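S.K.: Handing you this structure, nothing more for now.
What follows draws every value from the coordinates through simple rules; no lab data is involved. Here the structure is a predicted model, which is why all the values come from computation and not from measurement. Every residue, glycine among them, receives a Cβ derived from its backbone with ideal geometry; neighbour counts consider all protein chains shown.
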2 protein chains.
Amino acid sequence: MSERKEFRDLTEPAKAHEAIASLELDPEPETVELADARGRILAERVDADLDVPGFDRASMDGYAVQASDTFGADEADPAVLDLAGAVHAGSEPDVVVDAGECAEISTGAVMPDGADAVVMVEKTDEAAGEQDAIEIRTSVAPGDHVMPAGADIAAGQRALGPGTELTPREIGLLSALGTGEVEVRGKPTVGIVSTGDELVRPGGELNSDAGQIYDVNSYTIASGVEEAGGEATLYPHAGDDMAAMEEALTTAAEECDLVLSSGSTSASAVDVVYQVIEDRGELLLHGVSVKPGKPMLVGRLEDSAYVGLPGYPVSALTIFRTFVAPAIRRAAGVPEPRTATVEGTLAAEERYSEGRTRLMPVGLVENEAGETLVYPVDKGSGATTSLVEADGVVEVDADTEYLAEGEQVRVTLFSPSVRTPSLLAFGEDDPAFSRLLDRLGSSRFLPVGSREGLRRLRDGLPDAAVVAGPVRREVEAVELGAWEREWGLVVPAGNPDGVEGFGTLIDGDLRFVNLDTATGLRASADAELERLAAARDTDAADLQAAIDGYEFTLKAHESPARRVLAGNADAGLGLRATAEKLGLGFVPVDTQTVRVRANPARVEKAGVEELKAALAGIDDVLAELPGFTDA
Amino acid sequence: MSERKEFRDLTEPAKAHEAIASLELDPEPETVELADARGRILAERVDADLDVPGFDRASMDGYAVQASDTFGADEADPAVLDLAGAVHAGSEPDVVVDAGECAEISTGAVMPDGADAVVMVEKTDEAAGEQDAIEIRTSVAPGDHVMPAGADIAAGQRALGPGTELTPREIGLLSALGTGEVEVRGKPTVGIVSTGDELVRPGGELNSDAGQIYDVNSYTIASGVEEAGGEATLYPHAGDDMAAMEEALTTAAEECDLVLSSGSTSASAVDVVYQVIEDRGELLLHGVSVKPGKPMLVGRLEDSAYVGLPGYPVSALTIFRTFVAPAIRRAAGVPEPRTATVEGTLAAEERYSEGRTRLMPVGLVENEAGETLVYPVDKGSGATTSLVEADGVVEVDADTEYLAEGEQVRVTLFSPSVRTPSLLAFGEDDPAFSRLLDRLGSSRFLPVGSREGLRRLRDGLPDAAVVAGPVRREVEAVELGAWEREWGLVVPAGNPDGVEGFGTLIDGDLRFVNLDTATGLRASADAELERLAAARDTDAADLQAAIDGYEFTLKAHESPARRVLAGNADAGLGLRATAEKLGLGFVPVDTQTVRVRANPARVEKAGVEELKAALAGIDDVLAELPGFTDA
């Protein structure tokens, strides 16, 4: 494997920003119809080339008069004027208002010649007994209730400056000016080339046995490009083959202002990309001193700019967001979004000593005092769930080796629209609770298992924990709700091996799949073996050892059943509900209680009260799940 | 005019919200490709239907081993294992790792059978002198550097809840799950019918003499609909003709979830809309107790919801934003945007006593202490420039009759992306200064004339004022820059009337057009007449009276010249630069100085420093403007 992949001379983040800024993505301005202009950025200033309004305009319904005819008029002593005619909005006046006369006029109509003011209709009456005469019960000054031509904006005046973002308000002003189309900043075009033999586009067929995975970066980065004001094009997937990758990269370079390659973490793909950039462009930097994201390339490819993103999705999106999105926004003329930041208290100490700037993804939760607690979300760069389990990033500089619990940190939210979840819960991944979550606002649940859920609740981080089965160490908590679920052994449909319970597994040689010790199902299974051991007057450890696969554990509650479904096991630990959902057989062992337990300090938090209310209405959820009943 | 148009029984804002909420706009969910899913809202929860990763996966480049073979190995005493083969990302392992063996493996590759851990390449070496043997210089535990199948997310687990907005992060997770298309909330369809004989669509030909104006509301409201997550359709413009309007309204009602009519303020159009709603639907309320926006209709039209917006653009957009946009967002499943609010100090007292809730548009400026000053922007509802001159709204409740200067108010910004302008200047609308503005960030300039600019500077509101010509009352200020401009009389090309100066106008009977007394040009013209009066030993007032049209004033500096261009005047007050720009003749009278004067407390404000720097480079601007020179 090549030396350079170790990135021994990493570039400082500031230099990486400079390198990308030097690439100059400069799209041409374009002309768009006003109807399509929302969100675009004005390329040039816009001056009014007509007066708005274009004529002296009545701003009230009433009567157009010569103001001097009304001087002295009041309720007690109205002036009486002859009605000379009427003017309606959208038509040319066919009446002239001479001294002693008036004309009915509607809001928006052209002031007739002669008239210099409008009396509002509420201050007038038809003169009693007189034909075509109007009583005016107030005096008006010249110009009253008249908007003169050009009073809003006059021909020649500057209406909007270059770089203005077109929101409905600016579109309103442009409409008033009669602008049918408008010159806006072009969107930089960004070609996205995903590389790596193992990648399959979402929607395609996956062969996991051959190590294939879905291509996460292409659509993720494409939507990031669009969010930043660019226009993304996905190029057909290129494997690790040099010729195919060169073809994809150079086509993208011909057609786009910027080429992003992204996808593979495999050594051969990285080598090929290097080769193409060195042959047909110029490499400005490779490797930047941030975590996640070290392996980043910046350069030119043909006449286009080029940035190579790391392969792992969290790294790719972090590098894109930190270094590439600002350059796209600059090229598009889109203002940097107001950085939404939140101050919070770190909920657990964090050690770090790699000497690189760290962009630490974190989740947020509000505690009982309304303060924000911040906890790191670090499932490894290869995990895609951490994309949605974090709310923002804490930047930890290269020299900081230790952040203490309770330390104040500043979190940069992923976007200004990110909100702290209304509820944070950890614990057992239970199908009833999972359905309940669909009824809650912006809740977040992390399925870490009962034991870990309780541990986090003890540490005071989550609002609630979901706990199933026997508990070793109690935690002070308030029970919000509980239900029973039937568990046992999931076997192939029809139970071909005649499994009757754990005894069959102990005494036979069937392949079993277990769950992780953090889960409540596993705790119940362990307890069942203790009971069997007592009955057989032996040791539970011996019984466990007698079951083929008792130590082979999976984390997710459906996973053992799915191994059985796939024919890779003869029995798995699981729920009756899972067996029936997957059309498998089920050998019941027992029921266990699932309890939703709240952090006692937070029972009055809105999200917890919302959860409590949802739990009160859980019956219809339980009714739909085989083996689930009220506690 | 009909009784009901006076809206004597206005509805409280809360009731209006209820009426609109009762209309139920419920679009059907739709299926979109993942590439088009950004910004959409998940209609249903998404569960994983496969394990991610789909196989036990190496998370480092290195060697796959049986962990037990490495126990006890370290730098001093490495284990040596036979190299049994290699596994690359994206291919099926064709090697089995037995005890005493290892296989080269790359990040992302499938773990070969037999192996249960990976040793990172940095801790290994090819064994010296031995063919196909690897030195392992560390011990690893089972599972080290392996991401087990389903560790990221496992089949059956809940991935995303209903109502989730799809940002790049969620699109990343959906990609990992292989989701090619996704079920999202439908966008409510909104038909927009503009009514009123006087309205012309932007881009069309305008006949101002007939009182025509451009239709501001259609595109403005359409873009507001899209911003709120709806899909807008503009229906062909309907005049005040009953049949045409009924046709437009009922077609829109057949095709859309919601019909908005908007446009005319004219009585007849309002009457026709009433008639149609009463005949073919149901009117739930008419008139709401807010300002601006009183004339609002809510009802049903055929099977569609209907809201009638006021005709004036500021009123229409305010009502739309306050009452209709939240309903569209709810129907689209789009979360309410985080309301961006700013606390500020009212810069001038405000009286108000109409007994309606007032949504007062305001502008913002930051003072020397970094505090936000808030000033009302009230140019009348008919003005479209106030759409872009305000930054947000202060809600004043119906019972508040008076807000004192210095009172703290809360401003709801028009959107979270609205920023306080970096610079606020008032004063003379000068073409050189106007061009300079194009070089400044987010500046705001209000062309109120020199006199008014000075007055506002004296009151301490703006950062700077632009002042031209003689000044009556001095103001303490810091001069940031100055230049000279040549002014005089703009006449038709070739000066057909042989105008030589004001003398010609005094002694002849040519039609003159003047500028408003707030402008510096007018101040210089007045001074010139004083000088002429002294020379002729008479009174300036007499000379003014002798000029036909001296009292006929316009506000914008190009407007008199444009009257001359249109043939409606023989001479107008103006600049040489304007005359040359419009191809007119020019009779020079004098030059005047334009000074940019800063609020002395704010010379160090960033926006003022930016302005000062721009003024230092004004020479190229002056060079392009005839009659403009350095001061």
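S.K.: Mind jotting down the three principal axis lengths of region A:25-127 based on Cα atoms? Whole angstrom, largest first.
M.R.: In descending order, the Cα extents are 73, 27, 20 Å.
S.K.: With +1 on the Cβ of every Lys and Arg and -1 on the Cβ of every Asp and Glu, and nothing else charged, how large is the dipole of the protein assembly as shown about its Cα centre, in debye rounded to the nearest 20? Please report the intermediate quantities before stating the final value.
M.R.: Details: 106 positive and 230 negative charges, 437 e Å.
Dipole magnitude for the protein assembly as shown comes out near 2100 debye.
S.K.: Using the Karplus curve 6.51 cos²θ - 1.76 cosθ + 1.60 with θ = phi - 60°, work out ³J(HN,Hα) for each residue of region A:307-324 in order, rounded to whole Hz, and write x for Gly and Pro.
M.R.: Computed from phi, the couplings for region A:307-324 are 10, x, 9, x, x, 5, x, 5, 5, 4, 5, 5, 5, 4, 5, 7, 10, 8 Hz.
S.K.: What relative contact order, as a whole-number percentage, does chain A give when Cα pairs under 8 Å and 6 or more residues apart are counted?
M.R.: That works out to 11 percent.
S.K.: Here's a follow-up. What are the ³J(HN,Hα) couplings of region B:105-117, residue after residue, when phi is run through the Karplus curve with 6.51, -1.76, 1.60 and θ = phi - 60°? Round to Hz, x for glycine and proline.
M.R.: Each residue's phi maps through the Karplus curve to give 9, 9, 3, x, 7, 6, 5, x, 4, x, 7, 10, 7 Hz.
S.K.: Compute the long axis of helix B:450-459 from its Cα atoms, compare it with the longest principal axis of the Cα atoms of chain B, and write down the angle in degrees, 0 to 90, nearest 10.
M.R.: 60 degrees
S.K.: Another question, if that's okay. Lys/Arg Cβ at +1, Asp/Glu Cβ at -1, dipole of region B:346-420 taken about the Cα centre: which of B:LEU413, B:PRO376, B:TYR402 is farthest positive-ward?
M.R.: The residue sitting most towards the positive pole is B:LEU413.
S.K.: Further, regarding this structure: To one decimal place, what Kirkwood hydrodynamic radius in Å is obtained for region A:296-433 from all pairs of distinct Cα atoms?
M.R.: 16.8 Å
S.K.: Moving on. Any chance you could run the full-extension gain for A:MET242 through A:ASP74? It's 0.36 nm times the residue separation minus the Cα-Cα distance, nm to one decimal. Don't skip to the answer; put the middle values down first.
M.R.: Working: separation 168, 0.36 × 168 = 60.48 nm, distance 9.21 nm.
Taking 0.36 nm per residue and subtracting the Cα distance, the gain is 51.3 nm.
S.K.: Please name which of B:GLY498, A:THR629, A:LEU260 has its Cα lying farthest along the dipole of the protein assembly as shown towards the positive end, using unit charges on Cβ (Lys, Arg +1; Asp, Glu -1) and the Cα centre as origin.
M.R.: Toward the positive end, the furthest listed residue is A:THR629.
S.K.: To the nearest 10 degrees, how steep is helix B:267-280 against the longest Cα principal axis of chain B, on a 0 to 90 scale?
M.R.: 40 degrees
S.K.: Along each principal axis of its Cα atoms, how long is region A:341-416 end to end? Whole angstroms, biggest number first, please.
M.R.: Largest first, region A:341-416 extends 35, 27, 20 Å along its Cα principal axes.
S.K.: Mind listing the long-range amide H neighbours of B:THR11? Cut-off is under 5 Å, sequence gap 5 or more, other chains count too, H placed in the peptide plane at 1.01 Å from N.
M.R.: So B:THR11 has HN proximity to B:VAL288, B:SER289.
S.K.: Additional query: Could you list the square roots of 5 times each eigenvalue of the Cα gyration tensor of region A:433-552, that is, the equivalent ellipsoid semi-axes, sorted largest first and rounded to whole Å?
M.R.: Semi-axis lengths for region A:433-552 are 32, 18, 12 Å.
S.K.: Can you list the chymotrypsin sites (Phe, Trp or Tyr not before Pro) in region B:297-362 that are in a DSSP coil and have 13 or fewer other beta carbons within 10 angstrom? Write down the numbers at each step before the final one.
M.R.: Values: sites: B:TYR306, B:PHE320, B:PHE323, B:TYR352; in loops: B:TYR352.
For chymotrypsin sites (Phe, Trp or Tyr not before Pro) across region B:297-362 that sit outside H, G, I, E and B with at most 13 neighbouring Cβ atoms in 10 Å, the list is empty.
S.K.: While we're here: In whole angstrom, note down how far apart the Cα centers of region A:596-631 and region A:172-189 are.
M.R.: Region A:596-631 and region A:172-189 have Cα centres separated by 52 Å.
S.K.: Using amide H atoms built in the peptide plane, which far-off residues or other-chain residues are under 5 Å from B:GLY108 H to H?
M.R.: B:ALA58, B:SER59, B:MET60
S.K.: Moving on. Applying 1/(1 + (r/R0)^6) with R0 = 25 Å to the Cβ-Cβ distance of B:THR593 and B:ALA546, what FRET efficiency is obtained, to the nearest 0.05?
M.R.: About 0.30, to the nearest 0.05.
S.K.: Separate question: What's the angle, to the nearest 10 degrees (0 to 90), between helix B:217-227's Cα axis and the longest principal axis of chain B?
M.R.: 20 degrees
S.K.: A follow-up question, please. Using unit Cβ charges (K, R positive; D, E negative) and no other charged atoms, how large, in debye to the nearest 20, is the dipole of chain B about its Cα centre?
M.R.: 3180 debye
S.K.: Are there GluC sites (Glu not before Pro) in region A:182-214 that DSSP marks as loop and that have at most 14 other Cβ atoms within 10 Å, and which are they?
M.R.: When the GluC sites (Glu not before Pro) of region A:182-214 are filtered for loop state and at most 14 Cβ neighbours within 10 Å, A:GLU205 remain.
S.K.: Using a 7 Å offset from the Cα along the Cα-to-Cβ direction at both A:GLU530 and B:GLU401, what is the distance between the two label points in nm, to one decimal?
M.R.: The answer from the label model is 7.8 nm.
S.K.: Using only the alpha-carbon atoms of the protein assembly as shown as identical scatterers, what base-10 log of I(q)/I(0) does the Debye formula give at q = 0.05, 0.07 Å⁻¹?
M.R.: Ignoring solvent entirely, the Cα scatterers give -0.48, -0.84.
S.K.: A follow-up question, please. Given H placed on each backbone N at 1.01 Å, which residues far from A:ASP144 in sequence or on other chains put an amide H within less than 5 Å of it?
M.R.: Amide H to amide H, under 5 Å and 5 or more residues apart or across chains, A:ASP144 pairs with A:VAL118.
S.K.: Where in region A:571-596 is the amide nitrogen less than 12 Å from a point lying 7 Å along the Cα-to-Cβ axis of A:GLU484?
M.R.: The answer is A:590-594, whose backbone nitrogens lie closer than 12 Å to the label point.
S.K.: Using alpha carbon coordinates only, what is the Rg to Rh ratio of chain A, with Rh defined as the Kirkwood radius?
M.R.: With Rh from the inverse mean 1/r over Cα pairs, Rg/Rh is 1.17.
S.K.: Please give, to one decimal in nm, the separation of the simple spin-label points placed at B:ALA613 and B:ALA21, each 7 Å out from Cα toward the Cβ.
M.R.: 5.0 nm
S.K.: Let me ask something else. Which distance in nm do the two modelled labels at B:ALA14 and A:THR345 give, with both placed 7 Å along the Cα-to-Cβ direction?
M.R.: Here the modelled spin labels are 3.7 nm apart.
S.K.: Given Cβ point charges of +1 (Lys, Arg) and -1 (Asp, Glu) and nothing else, what value in debye, to the nearest 20, does the dipole of region A:409-561 about its Cα centre take? It would help to have the intermediate numbers written out before the result.
M.R.: Details: 17 positive and 26 negative charges, 223 e Å.
So the dipole magnitude of region A:409-561 works out to roughly 1080 debye.
S.K.: Moving to a separate point now. Mind checking which lysines have their C-alpha under 17 Å from A:LYS555, skipping anything on the same chain fewer than 8 residues away?
M.R.: Correct list for A:LYS555: A:LYS379.
S.K.: Under 11 Å from a point 7 Å along the Cα-to-Cβ line of A:ASP438: which residues of region B:38-61 have their amide N that close?
M.R.: Only B:43-47 pass the distance filter.
S.K.: If each DSSP helix of 4+ residues adds -39,500 (n - 2.57) and the sum is divided by the residues in chain B, what number results at 222 nm, nearest 500 deg cm²/dmol?
M.R.: It comes out at -7000 deg cm²/dmol, rounded to the nearest 500.
S.K.: Can you work out ³J(HN,Hα) from phi for every residue in region B:410-418, in order, using Karplus 6.51 cos²θ - 1.76 cosθ + 1.60 and θ = phi - 60°, giving whole Hz and x for Gly and Pro?
M.R.: Residue by residue, region B:410-418 yields 10, 9, 8, 5, 4, 7, x, 8, 5 Hz.
S.K.: Pop the C-beta distance of B:SER353 and A:ASP125 into the FRET formula with R0 = 30 Å and round what comes out to the nearest 0.05. Mind showing how you got there, number by number?
M.R.: Numbers: r = 26 Å, r/R0 = 0.85.
E between B:SER353 and A:ASP125, to the nearest 0.05, is 0.70.
S.K.: GluC sites (Glu not before Pro), restricted to region B:79-139: which are DSSP loop and have at most 13 other Cβ atoms within 10 Å?
M.R.: In loop regions of region B:79-139 (DSSP not H, G, I, E or B), the sparsely surrounded GluC sites (Glu not before Pro) are B:GLU130.
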